[in-house]
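First comes the structure, then the notes that go with it.
The values are calculated or read from the model by the stated rules, or taken from the named source; none is laboratory data. Owing to the predicted nature of the structure, the values given are computational and were not obtained by experimental measurement. Every residue, glycine among them, receives a Cβ derived from its backbone with ideal geometry; neighbour counts consider all protein chains shown. Side chains included, ligands, DNA and RNA excluded: accessible areas come from the protein's heavy atoms. Shrake-Rupley method; radii C 1.70, N 1.55, O 1.52, S 1.80 Å.
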Amino acid sequence: MDFMGKKIEDIVVTLPFEDGTSIDCGVYSYFEVINKKYFALLPLKGEKELDYSSSYMLYEVEVDEENNPVVLYIENDLEYSIVASYFSKEILKK
């Protein structure tokens, strides 16, 4: 699967936390809901291996001027609920 011409298995997203730490994640899935794009992320084990024992993290994704993904926190509870429901019913069941 591709995202804007990039293979999703090659995309690494570094998520920063408020305490100054961060975690590198890989993209498990890319999907669209309500005309917005989303990534389901999983932490990485090593350089590129997804850690399937961890919980999925859902983020909205946009692209910058160089077609690089930019992840955005989903702040609206209703939007998050809709995205999570779609993910669990349509993506995980495949």
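From the square roots a ≥ b ≥ c of the eigenvalues of the alpha-carbon gyration tensor of segment 12-63, which class results: rounded (a/c under 1.5), prolate (a/b over b/c), or oblate? Oblate shape, in that a/c is at least 1.5 and b/c is the bigger or equal ratio.
Please give me the summed charge of the neighbours of Val70: other residues whose Cβ is under 12 Å from its Cβ, Lys and Arg +1, Asp and Glu -1. Summing Lys and Arg as +1 and Asp and Glu as -1 gives -4. For a label point 7 Å from the Cα of Ser54 along Cα→C-beta, name the residues of segment 1-37 whose backbone N is under 11 Å from it. The answer is 13-16, 22-28, whose backbone nitrogens lie closer than 11 Å to the label point.
Rounded to a whole number, what % of the accessible area of the chain do carbon and sulfur atoms account for, probe 1.4 Å? It would help to have the intermediate numbers written out before the result.
Details: 2960 of 6290 Å².
Result for the chain: 47 percent of the exposed heavy-atom area is carbon or sulfur.
Per residue, the chain exposes an accessible area of 67 Å² to a 1.4 Å probe, with every protein chain left in place. Given +1 at the Cβ of Lys and Arg, -1 at the Cβ of Asp and Glu and no other charges, the dipole of the chain around its Cα centre is 540 debye to the nearest 20.
Under 1.5 on a/c is rounded, so check that first for segment 42-94, then, if it is not, pick prolate when a/b is larger than b/c and oblate when it is not; a ≥ b ≥ c are the square roots of the alpha carbon gyration tensor eigenvalues. Judged from the Cα gyration tensor, segment 42-94 comes out oblate (a/c at least 1.5, b/c at or above a/b). Counting only other residues whose beta carbon sits under 9 Å from that of Glu79, what net charge do I get with K and R as +1, D and E as -1? That works out to -2.
Taking label positions 7 Å along the Cα-Cβ direction at both Leu92 and Asp10, the computed distance is 3.0 nm, reported to one decimal. Near Glu32, once Lys and Arg are set to +1 and Asp and Glu to -1 for all other residues with Cβ below 11 Å from its Cβ, the sum equals 0.
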